[in-house]
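To start, the structure under review is shown below, and the notes come after it.
The values are calculated or read from the model by the stated rules, or taken from the named source; none is laboratory data. Note that the coordinates shown come from a computational prediction; the quantities given were computed from them, not determined experimentally. Ideal geometry is used to build each Cβ from the backbone, glycine not excepted, and the neighbour counts take in all protein chains shown.
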Amino acid sequence: MIKKLFQNNNDLADGSRLNEFIANPKKTLWTLSGPIIFSLLFQALYLIVDTFFVIKVGHEAVAAITFVMPVFLIIVATVTGFGVGVTTLISKYIGAKDNKKASKVAHHAVISGLILGVFISLFGYIIAPTILKLLGATGYTLFLASQYFKIIFIGNFFLVTSVIFRSILAGEGNHAAPATILVIGTIINLILDPIFIIVLDWGIKGAAWATLCGFLFSFVAYFIFLFIKNSSFFDFNFKQFNFDTSLIKRIFKIGAPIAVSQMLLSSGVMFVNFFVSRFGQEMVAGFGLASRLEALYTIILIGISTGLLTLLGMYLGAKRYDLIKLILFYSIKVSLIISLFTAILLYFFSGMFLSIFTNNIILISVGILYFKITVYSYPLIAIMAVIAKLLQVAGHPLKDILINLCRLIIFFIPLVFLFAYKFGLGIKGIWYARLLATSLALIVALFFYKKVAKEIKESCQNC
């Protein structure tokens, strides 16, 4: 695995990989998405095992992490959006066979990533405790959440820079190396979790330190891959580097709206946590357990859509609307099949899965109720995930933001008050609100898809 990790990726220089991507789009989607899905499934396994150990500390520890994660992801979303901008530009330039501009983007990404890593880490460390209070964390749960968050942000620099490094490789179509790095980092995390949490009796702080060690490994591995072994398509040399502000603005122009979109996703979870916390901290813990199981489904969609983003960028650069249309509909079909299978599985067997972690009847019942309602939204989310990537690569990220804004705030919050409070459905009303908000947001997404697809088709035909 290590030897394969550091294989050179310069076959892009002569266009051989681009030609391969064009020749067989369906196979290529799995070539790109497969390693991502595998590595993310591995990461999801870590989340499940981590939850298994963390809940030994108490349900308050699970609730604490449930409060922390969306706040943490909002901070990371900033750099993720920037990374998507980098991936989009690199893949477009490679698709257009302009390797010089692609290399320029990669160099600027590295420098910007280091700066963002320092800034985001410091900013997140300062504001996090205050936000946790506002989100509804109280008492012992707030104490544990603060402990966990402060340790995580010590290592946030390593995570942020790793995301940028990964985006460079994704742009050149190399998803295998990031997948390998993620798998090894997760293994390290899995090994350290029981040692830190149980053997050393560090509790929730042990979970945080184990995660930090995983971040540190990823940073070191990417650094060796890119700058010591020179295994990337790009030959990094910063001696004659000149900072191009206009290029950074262009990356941010693509990435900033996507970052906002990712922030909205995390904000949506924050709102859910807030509303759920009104019914007790145990309700938050139950929702947290359900979310960990649900991650097994969402990471598969993330893997497929990440591979799709690279392909769409290259096909758009090559002006191949026929391939764009083919891979879009294929991605939707595959995502729908996976969504339906997962929905059936969790609808009927979620109680059995949740009982692996705890025998707390309240936590299990909260999770079962959650899945009985929200699994109906899975096919809708699958379609929107594919449409989102088309909007992003076509230069319409603001439309993606509006879709998420509708689903997570504009539609969701009023519906929560309607179902949970006006109709007196309690926590069940929150899940009904999410389902209906997702359904309404899909209508908005389909409207935007029709317009953007037509625009792309005309653009490709006129060249």
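Observations, loosely collected:
- Residues of the stretch 366-412 that are among the small types (Gly, Ala, Ser) and outside any loop (DSSP other than H, G, I, E, B): Gly367, Ser377, Ala382, Ala385, Ala388.
- For the stretch 238-253, the count of residues that are modelled with pLDDT of 85 or more, in a helix (DSSP H, G or I) and among the basic types (Lys, Arg) is at least one.
- Selection status of Ala221, among the aliphatic types (A, V, I, L, M), within 18 Å of Ala61 (Cα to Cα), surrounded by 21 or more Cβ atoms within 10 Å (Cβ to Cβ) and touching a residue at least 24 places away in the same chain (Cβ under 8 Å): no
- So Ser91, is it farther than 27 Å from Ala207 by Cα, out of contact with any Cys (no Cβ under 6 Å at 6 or more places or on another chain), assigned to a helix (DSSP H, G or I) and of a type in the set (S, T, N, Q): yes
- Scanning the stretch 324-365 for residues that are surrounded by 14 or more Cβ atoms within 10 Å (Cβ to Cβ), hydrophobic (A, V, I, L, M, F, W, C) and not in a helix (DSSP H, G or I) yields a single hit, Phe357.
- Verdict on Leu192 being in a helix (DSSP H, G or I), touching a helix residue (DSSP H, G or I) at 6+ places or on another chain (Cβ under 6 Å), of a type in the set (A, V, I, L, M, F, W, C) and free of Cβ contacts under 8 Å to residues at least 40 places away in the same chain: yes
- Some residue of the stretch 100-107 being over 21 Å from the mean Cα position of the chain (by Cα), part of a loop (DSSP other than H, G, I, E, B) and surrounded by fewer than 22 Cβ atoms within 10 Å (Cβ to Cβ): no
- Condition broken by Tyr148, with the remaining ones in (1) under 30 Å from Asn99 (Cα atoms); (2) crowded, with 23+ Cβ neighbours inside 10 Å; (3) touching a helix residue (DSSP H, G or I) at 6+ places or on another chain (Cβ under 8 Å) satisfied: (1)
- Checking the stretch 441-456 against the condition returns a match, with at least one residue being over 30 Å from Ala170 (Cβ atoms) and either part of a helix (DSSP H, G or I) or in contact (Cβ under 8 Å) with a residue 24 or more places away in the chain (or both).
- Odd one out for Cys463, checked against (1) at pLDDT 90 or above; (2) surrounded by fewer than 18 Cβ atoms within 10 Å (Cβ to Cβ): (1)
- Residue pairs meeting the criteria (Cβ under 8 Å; at least 6 apart or on separate chains; first at negative phi and at pLDDT 80 or above, in the stretch 256-277; second surrounded by 20 or more Cβ atoms within 10 Å (Cβ to Cβ) and charged (D, E, K, R)): Gly268/Arg407; Val272/Arg434
- Boolean, Ala179 is touching a residue at least 60 places away in the same chain (Cβ under 8 Å) and farther than 19 Å from Val68 by Cβ: yes
- Flag if Gly124 is among the small types (Gly, Ala, Ser) and crowded, with 24+ Cβ neighbours inside 10 Å: no
- Taken over the stretch 83-107, the criterion of being modelled with pLDDT under 85 and among the hydrophobic types (A, V, I, L, M, F, W, C) is satisfied by Val84, Ile94, Ala96.
- Matching entry among Ile164, Ile195 (being closer than 25 Å to Lys92 by Cα and of a type outside the set (Ser, Thr, Tyr)): Ile164
- Counted residues, the stretch 150-176 - those being of a type in the set (A, V, I, L, M) and farther than 25 Å from Ile120 by Cα: 1
- Considering only residues in the stretch 270-298 that are under 20 Å from Ala343 (Cβ atoms) and among the β-branched types (Val, Ile, Thr), the one that is surrounded by the most Cβ atoms within 10 Å (Cβ to Cβ) turns out to be Val272.
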